[in-house]
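Below: one structure, written as structure tokens.
The values are calculated or read from the model by the stated rules, or taken from the named source; none is laboratory data. These numbers were taken from a predicted model, which means no experiment stands behind them. Please note: Cβ atoms are built from the backbone with ideal geometry, for glycine as well, and neighbour counts cover all protein chains shown.
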Amino acid sequence: MTPRRIVTNAAPLQAGDVLLVSPIAYRYSSPQAGDIVLYDIPRTTLSGRTNAGNQAQVIIASAHIDRILAVGGQTIERRDGALYVDGEPTPFRPLNPNWASQLLQRTVPPGQLLIIPSTNPYIRSGNVDRVCLVSESRLAGKVLLRTQPLSRFGIIE
């Protein structure tokens with residue numbers, strides 16, 4: 001197990017949270033929709049606007065934590081505010097419940113995962129297409145639980 005400390009607030013994670021990550025969780029099994037994972041986004045420059053409305057360029061290149069929404073071969077779409085995988089409603093949502101995506105309809109290529117980096121405040125819904133497909137090889141591990149602070153101990157849902 002590898003502990004990872006969260007350094008900035010990004011719902012539902014808070015600065016100071018410590019998460020236990022298993023780097024060997026996928027040695028004998030495949031990632032599944034619903035898994036919360038630590039993964040790496042390759043260096044990407046995104047255009048967007050600040051909260052004040054000013055144009056900005058943001059470089060994204062770091063480890064992120066979020067939920068797998070679909071795996072290779074599955075089709076995901078957003079209809080009427082709900083997410084569907086292979087035509088069926090899915091109970092899985094990005095970790096940040098306030099994150100609204102303009103997510104479309106997309107079939108995930110083999111060897112890829114669809115993960116919306118909702119815990120990164122710099123990635124807006126207009127940029128999500130550039131970073132939402134993640135190669136399985138970029139997974140660093142499966143998040144098992146939050147261990148600190150003790151008042152927030154437990155499984156992240």
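Quick check, is Ala63 in a strand (DSSP E or B) and either modelled with pLDDT of 80 or more or over 13 Å from the mean Cα position of the chain (by Cα) (or both)?
Numbers: in a strand (DSSP E or B): yes; either modelled with pLDDT of 80 or more or over 13 Å from the mean Cα position of the chain (by Cα) (or both): no.
Answer is no for this residue.
The single condition from (1) under 12 Å from the mean Cα position of the chain (by Cα); (2) assigned to a loop (DSSP other than H, G, I, E, B); (3) buried (at least 17 other Cβ atoms within 10 Å of the Cβ) that Pro31 fails is (1). Determine whether the stretch 40-54 contains at least one residue that is of a type in the set (S, T, N, Q), modelled with pLDDT under 90, loosely packed, with under 10 Cβ neighbours inside 10 Å and more than 24 Å from Arg138 (Cα to Cα). Within the stretch 40-54, one or more residues are of a type in the set (S, T, N, Q), modelled with pLDDT under 90, loosely packed, with under 10 Cβ neighbours inside 10 Å and more than 24 Å from Arg138 (Cα to Cα).
Does Leu38 satisfy being within 17 Å of Pro94 (Cβ to Cβ), part of a strand (DSSP E or B) and not small (Gly, Ala, Ser)?
Values: within 17 Å of Pro94 (Cβ to Cβ): yes; part of a strand (DSSP E or B): yes; not small (Gly, Ala, Ser): yes.
In short, yes.
On the given criteria, is Leu95 in contact with a strand residue (DSSP E or B) (Cβ under 7 Å, 6 or more places away or on another chain), outside any loop (DSSP other than H, G, I, E, B) and at pLDDT 70 or above? Against the criterion (in contact with a strand residue (DSSP E or B) (Cβ under 7 Å, 6 or more places away or on another chain), outside any loop (DSSP other than H, G, I, E, B) and at pLDDT 70 or above), Leu95 does not qualify. Scanning the stretch 98-157 for residues that are in a strand (DSSP E or B), closer than 27 Å to Gly16 by Cα and of a type outside the set (A, V, I, L, M, F, W, C), we see that the one that is modelled with the lowest pLDDT is Gly154.
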